[in-house]
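Structure record follows, encoded as structure tokens.
The values are calculated or read from the model by the stated rules, or taken from the named source; none is laboratory data. Note that the coordinates shown come from a computational prediction; the quantities given were computed from them, not determined experimentally. No Cβ is skipped: glycine too gets one built from the backbone with ideal geometry, and neighbour counts run over all protein chains shown.
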Amino acid sequence: MDNEIVTKQGGKGLGITSFVLSLCGIVPCCIPYVGGAISFICSLLAMVFSFVSRSQNGGQFQPLAKAGFIISLIYFILLGLGIIAAIVLVILYFVFGISMVGLGAASSMGGVYY
């Protein structure tokens, strides 16, 4: 090994783990009551594993670690938008008395129902 530069390619296993966890975080979000917690934990672990993989690879993301990070980031963005939408709906209902059921045109025109 005369004057050869050896590049370290570490973190491949953690990149794969990050990708698999991010995919496993998508599936259980449809399960009532416990699915949201499972999805949150899987996506959070996927982000942690992708950053650990990046640190073991010399500051570069492995392709699967990058994909796991992006999928988890999209999950957290959608989760944040869902929480904001829920807060807005609660404020509309309790503060202003607006219900999503009564927003139809027929309800404001004297109750014409078919």
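Scanning segment 28-53 for residues that are over 16 Å from F76 (Cβ atoms), touching a helix residue (DSSP H, G or I) at 6+ places or on another chain (Cβ under 8 Å) and surrounded by fewer than 21 Cβ atoms within 10 Å (Cβ to Cβ) yields a count of 3. Out of (1) assigned to a helix (DSSP H, G or I); (2) among the small types (G, A, S); (3) exposed (fewer than 11 other Cβ atoms within 10 Å of the Cβ), what's the single condition that is false for G59? Answer for G59: the failing condition is (1).
Every listed requirement among (1) on the phi > 0 side of the Ramachandran plot; (2) small (G, A, S); (3) loosely packed, with under 13 Cβ neighbours inside 10 Å is met by G11 save one, (3).
Before we move on, is Y93 modelled with pLDDT under 90 and either of a type outside the set (D, E, K, R) or within 15 Å of F19 (Cβ to Cβ) (or both)? The answer is yes for Y93. Contact map, segment 55-84: residues that are under 20 Å from G35 (Cβ atoms) and without any contact (Cβ under 8 Å) to a residue 60 or more places away in the chain paired with residues that are of a type in the set (A, V, I, L, M) and surrounded by 19 or more Cβ atoms within 10 Å (Cβ to Cβ), Cβ distance under 7 Å, separation 6+ or inter-chain. Pairs shown: G68/L21; G68/A46; S72/A46; S72/M47. Taking S107, is it surrounded by 13 or more Cβ atoms within 10 Å (Cβ to Cβ) and either β-branched (V, I, T) or modelled with pLDDT under 90 (or both)? Spelling it out, S107 is indeed surrounded by 13 or more Cβ atoms within 10 Å (Cβ to Cβ) and either β-branched (V, I, T) or modelled with pLDDT under 90 (or both).
Among the residues that make up segment 47-55, is at least one of them out of contact with any Gly (no Cβ under 7 Å at 6 or more places or on another chain) and over 13 Å from G11 (Cα atoms)? Yes - at least one qualifying residue is present in segment 47-55. Pairing each residue of segment 25-48 that is closer than 23 Å to Q62 by Cα with any residue that is at pLDDT below 85 and of a type in the set (A, V, I, L, M, F, W, C), provided the two are 6+ apart or on different chains, yields C-beta distances under 6 Å for S39/C29.
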